[in-house]
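The values are calculated or read from the model by the stated rules, or taken from the named source; none is laboratory data. Just so it is clear, the model here is predicted, and its values are computed rather than measured. In this analysis, Cβ positions are derived from the backbone assuming ideal geometry, glycine residues included, and neighbour counts consider all displayed protein chains. All accessible areas refer to the heavy atoms of the entire protein, side chains included, with ligands and DNA or RNA removed. Shrake-Rupley method; radii C 1.70, N 1.55, O 1.52, S 1.80 Å.
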Amino acid sequence: MRIRATVAALSGTLALSALALPAAHAADAPKAPGAATFAAKAPADTVEGDTKITKITVNGGKDIVVGTSAKKSVKIAVTATDPSGIKDGKALLWHGTAFDEDHIDGSMVPATQTGDCKAVNATTSTCTVTVVADPNVNIYSNILAGKWKVWAIAQGTDGDYIAKDSYPTSVSVKRAAKLTTNASPEPVKKGKTLTVTGALTRANWDTLKYAGYTQQSVKLQYKKKGASSYTTLKTVKSDTKGNLKTTVKASADGYFRYVFAGTSTTPGVTSTSDFVDVR
């Protein structure tokens, strides 16, 4: 089911790329194999006239972090200019090596065929569309973690337009992570050994479950009761199941936590702190 849903989403991506073009040009686009109702794609970086895209912002400039069940709505803002003013602008996100039906393996397509455009001035507007990252539909595999590209189009009120297969802006789609900390025994005598355990897990989009993130460096931090900031005590590496374990000497009442900096496919995460009473 997940594969079939993904194929349908990809067909939707290719359809939108053609439908977004002025009608005379859309009619010339080749058809996708086995789907006569869908146009395959527009020519790369098509320009007609003097319309320009000046800026694209995806998700407010933040990474798109996806777990195992909840949908994530993402806004894409396309700022464009044309001497006649801007009629429309829109975009979609895609993953793959090239923008065609043979090389795209992931897509996030807006439900609407027009952007919500707001004028900046007489010649410039910012048009916004919303796409959805859904682990039950289009975020179907771990291979989709990493950089996604932006396809965008803007059209002037005089009919001029620009369409770009891969705008210089990109966005990272990452597998959500969880991190825990537990220091024991509690309470503990001053000078005795504390064992600090935890677990680093992240979303597995193949199974729709969280699983251990192995062989990752995680910092153990401590904040003395009454202090304003944490200090890093040591770096611990997660084991083959994502578990963390180390020991420290108990010195004073305070808070322990693990902190993971993140990677190109997984965001940074900080555990809830665990307070230890030292007597």
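For the stretch 85-164, the strands (runs of 3 or more DSSP E) that sit wholly inside it and include 1 or more residues that are more than 19 Å from Asn59 (Cβ to Cβ) and acidic (Asp, Glu) are 86-96, 104-108. Determine, yes or no, whether Ala211 is without any contact (Cβ under 8 Å) to a residue 40 or more places away in the chain, closer than 21 Å to Ser172 by Cα and not hydroxyl-bearing (Ser, Thr, Tyr). Taking the combined requirement at face value, the residue satisfies it. Residues in the stretch 201-250 that are open to solvent by 80 Å² or more (accessible area, probe 1.4 Å) and among the acidic types (Asp, Glu): Asp206 alone. For the stretch 188-196, the condition holds for no residue, the condition being that it is of a type in the set (A, V, I, L, M), touching a Phe, Trp or Tyr at 6+ places or on another chain (Cβ under 8 Å) and open to solvent by 40 Å² or more (accessible area, probe 1.4 Å). Among the residues making up the stretch 266-279, those that are closer than 21 Å to Val173 by Cα and surrounded by fewer than 18 Cβ atoms within 10 Å (Cβ to Cβ) are Gly268, Thr270.
Residues in the stretch 113-128 that are open to solvent by 80 Å² or more (accessible area, probe 1.4 Å) and in contact (Cβ under 8 Å) with a residue 24 or more places away in the chain were compared, and the one that is farthest from Ala77 (Cα to Cα) is Ala122.
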